[in-house]
Ligand SMILES: [Fe+2]
Ligand SMILES: [Fe+2]
């Protein structure tokens, strides 16, 4: 296991001090990153002491380091999972060859594009979430928001390191551009659509961290299989951080569901809006929105790019090495759903071209597990209601269903039907205004929670219920 050197200006476990040119380039980028954090990171928080975890090593137990940190002083650094001895490329035309420690010339632009696309999402989510601290439902939640924000900042560092270390001058230019594009900027938007949406309230935040951070998990997991070993090692370590983000999303939504159900039972009513909580129908609409927007992030169902990435050995499947097949897929087929004469029709296509869809399916299966747990809360309360993932064709902007109107149940509907029902399927302006109206001033008394959300089952790092997670100074 490689220790992280915290005596360096940029903490790292890549022996940065042995490469002066690279070290200087990253040290020149660092103040620009800090300027970006000041301008577009969590608003007005630079004096806060936040109870954060910082990685002290890159193994599974390296996380136990908790303490109060001012966020601008957070030790953003470069951490790669340990190098596996004799690692080979696990799939594609080069299957079985030694993993690349340098970028192969023929895959240079492909790898750069994949790294830039992933890297761009990291600061984007920080930008999207920068005002949420104002309305935090508790100190516990505020701390979790900040933990996610600093870690997304670190994920940006992880990608910027790869660009600087392996892509020379155009890598450095791409690293600059990561701080120049901004979420929702009309002139220089972030690359992917979902990262230009706003995260205006905490329900959106929890749905985003459940659904959209989970897209990140699947992208990172398939890049963790990459034949380009530094990318693989970078992504493997990022995945350990990402798990906490999805935990925040799942438990956040779960705690809202719980509070809603408590109030429904106590007052024997479905109309919990009158009681200042979020009704289950509105939760379902937010779920529909965030799930469908996140599905778009996987790209086209049939994609020659995806096939080329795989054949080249640069991007694998989820848990590639655990799959029992030839890892080349040249003769395999895969069934994908498409639209034909106004109907949803399944057809077999070469498995290589269906890799986006396969990854999307892995993602959908994973999303469904959390929904089951939310439904357990509803069931335990004795309420006859079930949250459901909408059909994969519902509300899509990218891929085979982009031009179709499909109900959450998967029925193709007319434009008129869509217009008549969209307000029951997706959050309306009125729904969003209602949810926003619940977001009062931040709840900053230790152990207290906003009315619309239940407290968590346990504290971070097993801290007591009234723990002071953030000191405002
Ligand atoms: Fe991330
Ligand atoms: Fe994340």
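The values are calculated or read from the model by the stated rules, or taken from the named source; none is laboratory data. In this text, all values refer to a predicted model and were calculated from it rather than measured experimentally. No Cβ is skipped: glycine too gets one built from the backbone with ideal geometry, and neighbour counts run over all protein chains shown.
Pairing residues of segment 136-161 that are farther than 17 Å from residue 30 by Cβ with residues that are more than 11 Å from ligand 1 (Cβ to nearest atom) and modelled with pLDDT under 95, at Cβ distances under 8 Å and at least 6 apart in sequence or on separate chains, gives 147/53. With more than 30 Å from residue 340 (Cβ to Cβ), at pLDDT 95 or above and in a loop (DSSP other than H, G, I, E, B) as the only criterion, which of 408, 446, 390 stands out? Answer to the check: 446.
If only one of 194, 177, 165 is within 16 Å of ligand 2 (Cβ to nearest atom), part of a helix (DSSP H, G or I) and either over 18 Å from the mean Cα position of the chain (by Cα) or under 12 Å from residue 125 (Cα atoms) (or both), which one is it? Step through it out loud before you land on a result.
On the way: 177 fails: within 16 Å of ligand 2 (Cβ to nearest atom); 165 fails: within 16 Å of ligand 2 (Cβ to nearest atom).
Result of the check over 194, 177, 165: 194.
Among the residues of segment 102-122, those identified as more than 16 Å from ligand 2 (Cβ to nearest atom) and within 27 Å of the chain's Cα centre (by Cα) are 103, 107, 108, 109, 110, 111, 112, 113, 114, 115, 116. Residues of segment 433-443 that are part of a loop (DSSP other than H, G, I, E, B) and surrounded by 16 or more Cβ atoms within 10 Å (Cβ to Cβ): 439, 442, 443. On the stretch given as segment 76-118, residues that are crowded, with 22+ Cβ neighbours inside 10 Å, in contact with a strand residue (DSSP E or B) (Cβ under 8 Å, 6 or more places away or on another chain) and within 18 Å of residue 238 (Cβ to Cβ) total 4. Take the residues in segment 128-142 that are crowded, with 23+ Cβ neighbours inside 10 Å and in a helix (DSSP H, G or I); name whichever of them is farthest from ligand 2 (Cβ to nearest atom). Per the stated criteria, the residue is 139.
Restricting attention to segment 39-54, does a residue exist that is in contact with a strand residue (DSSP E or B) (Cβ under 9 Å, 6 or more places away or on another chain) and modelled with pLDDT under 95? Outline the logic, then answer.
Just the residues of segment 39-54 that are in contact with a strand residue (DSSP E or B) (Cβ under 9 Å, 6 or more places away or on another chain), to begin with: 45-54.
Next, only the ones that are modelled with pLDDT under 95 stay: 53-54.
Yes, because at least one residue in segment 39-54 is in contact with a strand residue (DSSP E or B) (Cβ under 9 Å, 6 or more places away or on another chain) and modelled with pLDDT under 95.
Tallying residues that are more than 14 Å from ligand 1 (Cβ to nearest atom) and either touching a helix residue (DSSP H, G or I) at 6+ places or on another chain (Cβ under 7 Å) or at pLDDT below 95 (or both) within segment 113-139 yields 8.
Just to check your reading of the model, which residue among 197, 152, 241 is within 13 Å of ligand 1 (Cβ to nearest atom), surrounded by fewer than 23 Cβ atoms within 10 Å (Cβ to Cβ) and farther than 14 Å from residue 116 by Cα? It would help to see each step written out before you state the result.
Details: 197 fails: within 13 Å of ligand 1 (Cβ to nearest atom); 152 fails: surrounded by fewer than 23 Cβ atoms within 10 Å (Cβ to Cβ).
Going through 197, 152, 241 in turn, the sole match is 241.
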